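Shown next, in structure tokens, is the structure this report addresses.
The values are calculated or read from the model by the stated rules, or taken from the named source; none is laboratory data. Quantities reported herein were computed from a predicted structural model and do not represent experimental measurements. Here the Cβ is made from the backbone with ideal geometry for all residues, glycine too, and neighbour counts use every protein chain on show.
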Amino acid sequence: MPPRSWSWPGPARASGRCSCEAPMVELTVVVPTFDRATVLPRCIDALAAQRLDKEVQVVVVDDGSTDGTAELLRSRTDVEVLRIEHRGRSAARNAGLERALGEVVLFIDDDVVASDDLLQRHLDHHRRRPEGHEALVGRVTWAPDIHVTPHMRWLERGGPLFAFDTIENPDNVDWRHFCTANASVKR
């Protein structure tokens with residue numbers, strides 16, 4: 001795909017870099033990580049195994065890890081790596097957003113192991129709503145190989161993270177369900 005000039009207005013380009021030459025990508029996945037070298041490979045491998053009808057940009061933002069995450073990421077050629085000083089998940093997500101080329105940006109956490117159609121489902125949702133300025137929050141479930149504690153069950157059934165069963169209308173979800181473990185937005 002030939003490069004095409006584009007401009008991205010707004011606070012993410014407030015640094016003065018207002019336009020550039022870059023290939024247009026429909027979807028960017030941003031994965032913030034900090035000291036998660038033991039779980040991150042499963043996340044990246046699941047993204048690499050996606051069944052998708054378009055090319056995707058995967059940006060892993062290393063938020064100043066000290067556990068070998070940086071070394072692990074240097075060996076990966078299937079992701080774009082951005083290393084920043086440790087400032088927390090929000091800053092890492094914002095740094096990834098600034099690097100993103102996609103019209104749709106999907107944020108997932110570094111311990112999420114995506115189903116093989118996750119990216120396609122996010123893209124399909126946004127394609128069905130070309131004029132929409134909305135977010136899609138995807139369901140997150142516990143991996144079958146981990147022990148689910150009572151605290152984790154509480155998170156599922158009404159806690160602040162995964163209370164998907166409390167959603168009455170999936171087309172109009174309250175803001176408190178916007179958990180960036182699996183959520184996409186259109187620019």
Within segment 70-93, work out how many residues are under 18 Å from the mean Cα position of the chain (by Cα), of a type outside the set (A, V, I, L, M) and not in a loop (DSSP other than H, G, I, E, B). 5
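Does segment 60-69 hold any residues that are polar (S, T, N, Q), in a loop (DSSP other than H, G, I, E, B) and in contact with a helix residue (DSSP H, G or I) (Cβ under 9 Å, 6 or more places away or on another chain), and which are they?
Of the residues in segment 60-69, the ones polar (S, T, N, Q) are 65-66, 69.
Next cut, in a loop (DSSP other than H, G, I, E, B) only: 65-66.
Result: S65, single match.
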Restricting segment 100-118 to residues that are assigned to a loop (DSSP other than H, G, I, E, B) and at pLDDT 95 or above, the residue that is surrounded by the fewest Cβ atoms within 10 Å (Cβ to Cβ): L101
Can you give me the number of residues within segment 11-59 that are part of a strand (DSSP E or B), touching an Asp or Glu at 6+ places or on another chain (Cβ under 7 Å) and either of a type in the set (D, E, K, R) or at pLDDT 95 or above (or both)? 7
For segment 71-107, give me the residue count where each residue is touching an Asp or Glu at 6+ places or on another chain (Cβ under 8 Å), charged (D, E, K, R) and touching a residue at least 24 places away in the same chain (Cβ under 8 Å). 4
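Looking at segment 130-143, is at least one residue of a type in the set (A, V, I, L, M, F, W, C), closer than 17 Å to D45 by Cβ and more than 14 Å from the chain's Cα centre (by Cα)? Please lay out each step first, then the result.
First, the residues of segment 130-143 that are of a type in the set (A, V, I, L, M, F, W, C): 135-137, 140, 142-143.
After this cut, where a residue has to be closer than 17 Å to D45 by Cβ as well, the list is 143.
Remaining after also requiring more than 14 Å from the chain's Cα centre (by Cα): 143.
The answer is yes; a qualifying residue exists.
Filter segment 99-150 down to residues that are among the acidic types (D, E), out of contact with any Phe, Trp or Tyr (no Cβ under 9 Å at 6 or more places or on another chain) and within 29 Å of I84 (Cβ to Cβ), then give me how many there are.
Step one: of segment 99-150, the residues among the acidic types (D, E) are 103, 109-111, 116-117, 124, 131, 134, 145.
Add one more test, that the residue is out of contact with any Phe, Trp or Tyr (no Cβ under 9 Å at 6 or more places or on another chain), and what stays is 103, 109, 111, 116-117, 124, 131, 134, 145.
From what's left, within 29 Å of I84 (Cβ to Cβ): 103, 109, 111, 134.
So the count comes out to 4.
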Identity of the residue in segment 128-152, in a helix (DSSP H, G or I) and surrounded by fewer than 12 Cβ atoms within 10 Å (Cβ to Cβ), that ends up modelled with the highest pLDDT: R128
Any hit, segment 161-169, residues being surrounded by 12 or more Cβ atoms within 10 Å (Cβ to Cβ), modelled with pLDDT of 70 or more and of a type in the set (F, W, Y): no
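So which of L123, L97 is touching a helix residue (DSSP H, G or I) at 6+ places or on another chain (Cβ under 9 Å), within 25 Å of V59 (Cα to Cα), surrounded by 12 or more Cβ atoms within 10 Å (Cβ to Cβ) and at pLDDT 80 or above?
On the way: L123 fails: touching a helix residue (DSSP H, G or I) at 6+ places or on another chain (Cβ under 9 Å).
The conditions single out L97.
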May I ask you to list pairs of residues, at least six apart or on different chains, whose Cβ atoms are under 9 Å apart, with the first in segment 108-133 being touching a residue at least 40 places away in the same chain (Cβ under 8 Å) and under 19 Å from A48 (Cα atoms) and the second being crowded, with 17+ Cβ neighbours inside 10 Å and of a type in the set (F, W, Y)? D110/F34
